[in-house]
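Some notes on the structure that comes next.
The values are calculated or read from the model by the stated rules, or taken from the named source; none is laboratory data. The shown structure was predicted, so the numbers you read here are calculated from the model rather than taken from an experiment. Here Cβ is always computed from backbone atoms with ideal geometry, including for glycine, and neighbour counts include all displayed protein chains.
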């Protein structure tokens, strides 16, 4: 096993130990964990391998698909537009995207897209996996779709559709794709190695996503398939998405702002550090304090129609709750991704932390690897 590498301030030695124990217990193939305090990087660890065959060491510049942790980055972009006065989050989506008014959606406000309350988590028209790589096909299907429940009444996790919805609003206003906007307005100013739509030149640095084993799925009770006509089945199965899809060049090249961001823990923690410190990091301001407050104000809290567990949503960010503790502060927020990745900002402690990996867990909501690292980090503060 490639040893644990990176930097770790002395007082956070327990974080390194926790990270090493996870590898020793066989829970990891490759991973990285990073944390900041007042915007300063105090933990930056990585280890293991970038492939299932354990032939490529995980290096400092290794990046990996983080699935839905990408949603935090997409939300940030939309809030930047709003903060600049170019987008009214209370306005109907159809003001910016006229075709969206189909099927009775003419009055649906933009902020319901961000809080998973639009009723558009699933598509009725069967689509192949390749549709995910076709922006126009996905956005046209969503514009024509009828909501699956009364918009605004409940949350239902828009696992894949979220990124096309918020990304198309941004594109209609700004002209750039969300990936191009993020690169110019967030990643480049911060020096964050995070991509939504990965250039082919970066492929050599990408870790291979490894699905959970059958034994792990069985141990987690995750082998049962949802009923074919259930909302969960339609959300996750149309277009069909398998973990291995993330290893395809077509997936990497596409911009899928709900799920195909590529980065490492250092880059995710850096973006979240700006949000933990009032919207700015050094001389780079991403959001005003007012815009950040709006983004992280509770919009809904209750059983999610798709996930089946209580979810507390801001506008694009998961908010801490008893059901989903993100640290000691109830004001902590961020987003997690399929398989276990996580990026969190804690404005009370002015800290951020992030974990990314290539060995996917059997049940994302029950995966404790990131939280064990976060617990060791907080204990040392």
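Scan region 184-233 residue by residue and report those that are surrounded by 18 or more Cβ atoms within 10 Å (Cβ to Cβ), modelled with pLDDT under 95 and either farther than 22 Å from residue 246 by Cα or in contact with a strand residue (DSSP E or B) (Cβ under 9 Å, 6 or more places away or on another chain) (or both). Listed by number, the residues that qualify are 212, 231. Of all residues in region 349-369, those satisfying the criterion of being out of contact with any helix residue (DSSP H, G or I) (no Cβ under 8 Å at 6 or more places or on another chain), in a helix (DSSP H, G or I) and touching a residue at least 40 places away in the same chain (Cβ under 8 Å) are 365, 366. Within region 324-348, take every residue that is in contact (Cβ under 8 Å) with a residue 60 or more places away in the chain and more than 22 Å from residue 63 (Cα to Cα) and give me the one that is surrounded by the fewest Cβ atoms within 10 Å (Cβ to Cβ). Selected residue: 347. Screening residue 41 with (1) in a strand (DSSP E or B); (2) buried (at least 23 other Cβ atoms within 10 Å of the Cβ); (3) in contact with a helix residue (DSSP H, G or I) (Cβ under 8 Å, 6 or more places away or on another chain) gives one miss only, at (2). Screening residue 117 against (1) within 25 Å of residue 279 (Cβ to Cβ); (2) assigned to a helix (DSSP H, G or I) leaves a single unmet condition, (2).
When you check residue 118 against the structure, is it touching a helix residue (DSSP H, G or I) at 6+ places or on another chain (Cβ under 6 Å), over 22 Å from residue 76 (Cα atoms) and surrounded by 16 or more Cβ atoms within 10 Å (Cβ to Cβ), yes or no?
no
Checked against the criterion of being over 17 Å from the mean Cα position of the chain (by Cα) and more than 18 Å from residue 152 (Cα to Cα), the candidates 327, 366, 339 yield just one match: 327. The condition (being closer than 23 Å to residue 60 by Cβ, without any contact (Cβ under 8 Å) to a residue 60 or more places away in the chain and either part of a loop (DSSP other than H, G, I, E, B) or in contact with a helix residue (DSSP H, G or I) (Cβ under 9 Å, 6 or more places away or on another chain) (or both)) is satisfied by just one residue among 193, 229, 203: 203.
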